[in-house]
Amino acid sequence: MLNYTDTHRPALILAEHYSSKMQAPLFTSFIQGKTDLESSKEAVDVINHFWVMTELAIADNEAGRDIQGVTDIEHWMHRLFQKVSGYMIQHGFGELWQESIDKQ
């Protein structure tokens with residue numbers, strides 16, 4: 001599961017905020033650090049939703065929005081990117097993750 005320390009609380013705030021906007025229970029549970037992925041199919045689903053979340057965050061960042069006190073959206077989304085990337089690599093989904101990056 002993804003782990004969030006107190007230091008990374010802003011990343012969790014963004015994860016909760018954006019995942020609540022999607023109708024994707026698996027993604028929501030994963031990005032909030034409540035579940036692990038059990039298959040490549042689940043990994044692809046989470047990866048696809050991660051990029052949707054990224055687009056939402058980019059729009060908010062460009063508009064200068066504050067998300068529940070988080071003002072440096074770009075920085076914290078980069079931290080989320082690192083968390084998800086590390087998870088995917090560590091759990092055998094690194095190739096799927098890299099393929100998704102190559103498509104961006």
Simple spin-label estimate for GLU38/ARG65, 7 Å along Cα→Cβ, in nm, reads 3.3 nm
Would you please state which residues of the stretch 40-80 a label at GLN90 would reach in this model, taking the label point 7 Å out along Cα→Cβ and a backbone N cut-off of under 16 Å?
79-80
Applied in sequence order to the stretch 34-41, the curve 6.51 cos²θ - 1.76 cosθ + 1.60 (Karplus, θ = phi - 60°) yields integer Hz couplings, x standing for Gly and Pro, of 9, 8, 9, 8, 10, 7, 5, 4
The stretch 1-46: relative contact order as a whole-number percent, Cα under 8 Å and 6+ apart
41 percent
Cross-link reach from LYS34 to lysines, straight Cα distance under 20 Å and at least 8 residues apart if same chain, gives LYS21, LYS83
Spelling out what I want: for every residue of the stretch 23-29, take phi, set θ = phi - 60°, compute 6.51 cos²θ - 1.76 cosθ + 1.60 (Karplus), and round to whole Hz; glycine and proline get x.
9, 9, x, 5, 4, 4, 5
What's the angle, to the nearest 10 degrees (0 to 90), between helix 9-19's Cα axis and the longest principal axis of the chain?
70 degrees
Residues of the stretch 41-58 with backbone nitrogen within less than 13 Å of a virtual label 7 Å along the Cα-to-Cβ line of GLN98, please, listed as ranges.
none
Which log10 I(q)/I(0) values, to two decimals, does the stretch 20-104 give at q = 0.19, 0.20 Å⁻¹ under the Debye formula with one point per Cα?
-0.87, -0.96
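A short reminder: the numbers here are calculations on the coordinates, not readings from a lab. The shown structure was predicted, so the numbers you read here are calculated from the model rather than taken from an experiment. Note that each Cβ is placed from the backbone with ideal geometry, even for glycine, and that neighbours are counted across all protein chains shown.
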